[in-house]
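Laboratory data are not the source of any read-out in this text; all were calculated from the coordinates shown. Source: prediction; values computed, not measured. Glycine gets a Cβ as well: all are built from the backbone with ideal geometry, and neighbour counts include every protein chain shown.
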Amino acid sequence: MNESAIRLLREGAIARLHINRPERRNAVTGEMMAEIERLARAFATDTHTRVVLVTAEGRDFSVGADLSEPRVPSGDGAPTLLARLRQAELGAAMMRALMEIPQPTIALMKGVATGAGACIASACDFRLASDTARAGYGEVKLGINLMWRALPLCTHLVGPARAKRMIMTGQLFPAPVLKEWGFVDEVVAEESLVASGEAWAAQYAALPPIAVQMIKRSVNAVSTALDAAIMHMDTDQWMLASQTEDFREGVTAFFEKRPPVFRGR
C-alpha cells in the first residue's frame, strides 16, 4: 500500500483521518482497511484528541471496495476458503474500530459515497455532506449482500423501510434526501464542507471530553445492543453469495460497464 493512501493529520485537539487515493476515487483496499483499523484503535490511548474528522481527497468520499484487488492466494495460487474468510472479515474489523473510537467522529461526505464509503460514513457519529453528494450501497448490483455489519447502522439511521430501499436497490440517493431520512445531519455547499466540518469539530472539542465520551459510549451501547448477535453471520452470507453465478455476472458487468443480467443462480 502506498503509505499516503491513509493519512492521519492533526491540528490541536482535532485529528483528521484522511482517505487519500483520489486517482482511484478513494476505492478501499484490504491494506487500507487494516490501516484505518490500526489508526482508529490508537485513539483509545490518545487523551489529547477530542474530535476525529473522517475526510477524503479528490472529488469522491469513496466509491467502495477496490474490485480490481486480487484475492488472497494460497500456496498453489488459489485462495483457500479460510484465507477468503479472513480477508472478508477485514471490513467488519475496520468498522468496529471506527465505531469504538472514544472521541466524537464526523464524516465529511462529498461526491459519491457508496459501498465501503457509505459504510465508513455510517460508522461515524455524525455525517455532513456537500449539496452535490450522493450515497448508497451498491453491493446488490454485484449479486452480494451488504456485509461488514453495516446493515444495522443504516437501519438505525433511516428506519427499516428506507434501509431496505437503500440496500435492496443499490441506488445513489442525493444528500438532501438523505438528510430528510436521517442518514445525513447537515447539507452544505461543497465549497463550505470542510469549514462546516471544522466548525462542528470545534463545537465538540470545546465540550468536557470525559462526559462527551461517556455519553457516546452509552448511546452506542443502547442503540447497537443486538447488532452483533444478529449480524454475526453476514460474512457467511457473503461467502455463499460470492460463489454464485450472479456474483460473477455482477463483477463482469461492472468491468464491462454494462447492466448485469441476474438469473438467481
*Convex hull over the alpha-carbon atoms of the chain: what's its volume per residue in Å³?*
134
*Where is the GNM fluctuation largest for the chain (alpha-carbon springs, 10 angstrom cutoff): MET231, MET109, MET99?*
MET231
_Helix-derived mean residue ellipticity, 222 nm - over the chain, DSSP H n ≥ 4, -39500 (n - 2.57), to 500_ = -12500 deg cm²/dmol
_Between 0 and 90 degrees, rounded to the nearest ten: what's the tilt of helix 209-223 against the longest Cα principal axis of the chain?_
40
*Given the options ALA121, ALA129, ALA201, which has the most mean-square fluctuation in a GNM of the chain, springs set between C-alpha atoms less than 10 angstrom apart?*
ALA201
_Less than 22 Å apart at the alpha-carbon level, and either on another chain or at least 8 residues along: which lysines does that give for LYS179?_
LYS110, LYS164, LYS216
*Compactness of region 45-160 - radius of gyration and Dmax, Cα, Å*: 15.7, 49
*Would you mind telling me which residue in ALA13, ALA116, ALA107 has the biggest mean-square fluctuation in a Gaussian network model of the chain, where springs connect alpha carbons within a distance under 10 angstrom?*
ALA13
*About the Cα centre of the chain, what is the dipole size in debye to 20, counting +1 per Lys and Arg Cβ and -1 per Asp and Glu Cβ, all else neutral?*
360
*If contacts are Cα pairs under 8 angstrom and at least 6 residues apart, what is the relative contact order of the chain in percent?*
18
*Compute the long axis of helix 193-205 from its Cα atoms, compare it with the longest principal axis of the Cα atoms of the chain, and write down the angle in degrees, 0 to 90, nearest 10.*
60
_Cut-off under 20 Å on the C-alpha distance; same-chain residues fewer than 8 positions from LYS257 excluded. Which lysines are left, in chain and number order?_
LYS141
_Cα-Cα pairs of region 99-233 separated by more than 24 Å (percent)_ = 30
*What is the log10 of I(q)/I(0) for region 216-261, computed with the Debye formula using one identical point scatterer on each Cα and no solvent, at q = 0.13, 0.22, 0.30 Å⁻¹?*
-0.53, -0.75, -0.99
*For the Cα atoms of the chain, what angle does the longest principal axis make with the long axis of helix 30-42, in degrees from 0 to 90, nearest 10?*
30
